[in-house]
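Following: one structure in structure tokens, then a few remarks.
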Amino acid sequence: MMNISISISISIYTRLLLPSFLNHFNFKPTTTIPTTKPRIQIKSSFFPQFNLMASSTTMGENHGEIKNPRQVVKMLLSELQDEGVGAKVRRSIGRPELRSLDPFLLLDEFQASPPAGFPDHPHRGFETVTYMLEGAFTHQDFAGHKGTIQAGDVQWMTAGRGIVHSEMPAGPGVQKGLQLWINLSSKDKMIEPRYQELQSKDITEAEKDGVFVRIIAGEAFGARSPVYTRTPTLYMDFTMQPGSHLQLPIPENWNSFAYIIDGEGIFGNEKSAPIKSHHCIVFGSGDGIEVWNKSDTALRFALVGGQPLNEPVLQHGPFVMNTRAEIRQAMEDYYTGRNGFERAQHWQSDQ
Ligand code: FJE
Ligand code: FE
């Protein structure tokens, strides 16, 4: 009896200590109430047998003609800030100027060299998508799932009711990538956790008129990704050669943004000034985007779009739920090891 109570208190103590880096991150619960009325939409995810179809939004006959191009409505430069333990991030979505962009909660361009990283921490209620740009990261979770993703690989993690994991650089020197957090709808927040991992060689690629695309989620140039997006999402890694022009349809009611990785590009209006790397660009309404590379070097950017959930968002660090009561429950479940956090009690990563 004595032993049990000691081990539990040590385990809670270590978990209070280890993730202390989580404390300064979005610690105040924030509430976002949708300004638009939730629409009633027929989602194919209501029909489980069609789940795979829901994963890829088909653009129908629209293979590129944009009638009403989306314009840039917001732009911000992401500056380096400390995050995790000794790691750095350039945060765009998730900072005060851009709290969230429904269904997206956070976008970090992260970098870490050992021993820095993101040690043991929990997640509930959303998905994390990690896309490596340089080097490799090893992740390890409390259910025994362990793997390393290399440059060009993607890990699509659906935390659902609960994951506790560590994410650490896998080699010497600086390891870099993008991490996107996608909210889950209220009906999906407590689903079983799930991973979808794509190695670089398995990521669908396409090319058209000097525009090269790696399709992480969704469809472009008639090709599509096998990733299942529970919250309908598109995620592309575009490289545009100098002089090239891109038109890509994005469903009208979706939110979308671009994050420039390298080079500079003209977005929305051909006459506007070019925008450089580490800027996040939010697009307004329209049926697609238009981009020009009028510089003399390649332009690389991530393009992300998603169907808004139009639900209240309550975030407390790594827990994202719909109500305060659910946030309280998530914290209680994590500290007491219940409702999906059972294995959190005695687990510690070995990195
Ligand atoms: C987290 C603080 C954090 N951005 N980019 C608080 F740092 C994290 C966290 C990350 C993270 C991890 C990677 Cl691999 C890349 C990141 C934040 O792990 F989840 C909370 N809650
Ligand atoms: Fe994480």
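Of all residues in region 48-99, those satisfying the criterion of being at pLDDT 95 or above and among the hydrophobic types (A, V, I, L, M, F, W, C) are Val72, Val73, Met75, Leu76, Leu77, Leu80, Val85, Ala87, Val89, Ile93, Leu98.
Can you say whether Thr158 is more than 25 Å from Thr239 (Cβ to Cβ), open to solvent by less than 10 Å² (accessible area, probe 1.4 Å) and either within 14 Å of ligand 2 (Cβ to nearest atom) or at pLDDT below 95 (or both), as far as the supplied structure shows? Yes, satisfied.
Residues in region 164-185 that are within 24 Å of Pro308 (Cβ to Cβ) and in contact with a Gly (Cβ under 9 Å, 6 or more places away or on another chain): Trp181, Ile182, Asn183, Leu184.
Taking every residue in region 125-139 that is on the phi > 0 side of the Ramachandran plot and pairing it with any residue that is among the aliphatic types (A, V, I, L, M) and within 11 Å of ligand 1 (Cβ to nearest atom), at least 6 positions away or on another chain, the pairs with Cβ-Cβ distances below 6 Å are Gly125/Val320.
Table: residues versus (1) within 16 Å of ligand 1 (Cβ to nearest atom); (2) open to solvent by 70 Å² or more (accessible area, probe 1.4 Å); (3) in contact with a Leu (Cβ under 6 Å, 6 or more places away or on another chain).
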| position | (1), (2), (3) |
| --- | --- |
| Gly171 | yes, no, no |
| Arg194 | no, yes, no |
| Ile203 | no, no, no |
| Asp209 | no, yes, no |
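A single entry from His279, His245 fulfils the requirement of being within 21 Å of the chain's Cα centre (by Cα) and at pLDDT 95 or above: His279. Summed over region 138-155, residues that are hydrophobic (A, V, I, L, M, F, W, C) and more than 13 Å from ligand 1 (Cβ to nearest atom) total 3. Quickly run through region 95-115 and pick out the residues that are in contact with a Pro (Cβ under 7 Å, 6 or more places away or on another chain) and within 12 Å of ligand 1 (Cβ to nearest atom). Answer for region 95-115, where residues must be in contact with a Pro (Cβ under 7 Å, 6 or more places away or on another chain) and within 12 Å of ligand 1 (Cβ to nearest atom): just Ala112. Scanning region 84-104 for residues that are open to solvent by less than 10 Å² (accessible area, probe 1.4 Å) and within 10 Å of Ile182 (Cα to Cα) gives Pro103, Phe104.
Count of region 110-129 residues, restricted to those that are more than 14 Å from ligand 2 (Cβ to nearest atom) and open to solvent by 20 Å² or more (accessible area, probe 1.4 Å), is 4. Of all the residues in region 174-188, those that are open to solvent by less than 40 Å² (accessible area, probe 1.4 Å) and within 16 Å of ligand 1 (Cβ to nearest atom) number 9.
Among the residues of region 228-239, none qualifies, meaning not one is within 16 Å of ligand 2 (Cβ to nearest atom) and surrounded by fewer than 21 Cβ atoms within 10 Å (Cβ to Cβ).
For region 130-155, a residue qualifies if it is within 11 Å of ligand 2 (Cβ to nearest atom) and not polar (S, T, N, Q), and the qualifying residues are Phe137, His139, Asp141. Of all residues in region 73-87, count the ones that are within 15 Å of ligand 1 (Cβ to nearest atom) and over 17 Å from His278 (Cβ atoms). Total meeting the criteria: 3. When you scan region 143-155, do you find a residue that is within 25 Å of Thr233 (Cα to Cα), open to solvent by 20 Å² or more (accessible area, probe 1.4 Å) and in contact (Cβ under 8 Å) with a residue 60 or more places away in the chain, even just one? No, every residue in region 143-155 fails to be within 25 Å of Thr233 (Cα to Cα), open to solvent by 20 Å² or more (accessible area, probe 1.4 Å) and in contact (Cβ under 8 Å) with a residue 60 or more places away in the chain. Scanning region 291-317 for residues that are under 30 Å from Asp209 (Cα atoms), assigned to a loop (DSSP other than H, G, I, E, B) and within 17 Å of the chain's Cα centre (by Cα) gives a single hit, Gln307. Residues in region 288-341 that are surrounded by fewer than 16 Cβ atoms within 10 Å (Cβ to Cβ) and among the polar types (S, T, N, Q): Thr297, Thr323, Thr336, Asn339. I'd like the full set of residues that are assigned to a strand (DSSP E or B) and either within 30 Å of Asn253 (Cβ to Cβ) or aromatic (Phe, Trp, Tyr) (or both), limited to region 100-116. Within region 100-116, Leu101, Phe104, Leu105, Leu106, Leu107, Asp108, Glu109, Phe110 meet the criteria.
Checking each residue in region 318-346 for being part of a loop (DSSP other than H, G, I, E, B) and at pLDDT 95 or above picks out Pro318, Asn322, Thr323, Gly337, Arg338, Asn339, Gly340, Phe341.
The values are calculated or read from the model by the stated rules, or taken from the named source; none is laboratory data. All values reported here derive from a predicted model rather than from experimental measurement. Cβ sites come from the backbone with ideal geometry, for glycine too, and all protein chains shown count toward neighbours. Ligands, DNA and RNA are stripped out before the accessible areas are found, and what is left, the full protein with its side chains, is counted by its heavy atoms. Shrake-Rupley method; radii C 1.70, N 1.55, O 1.52, S 1.80 Å.
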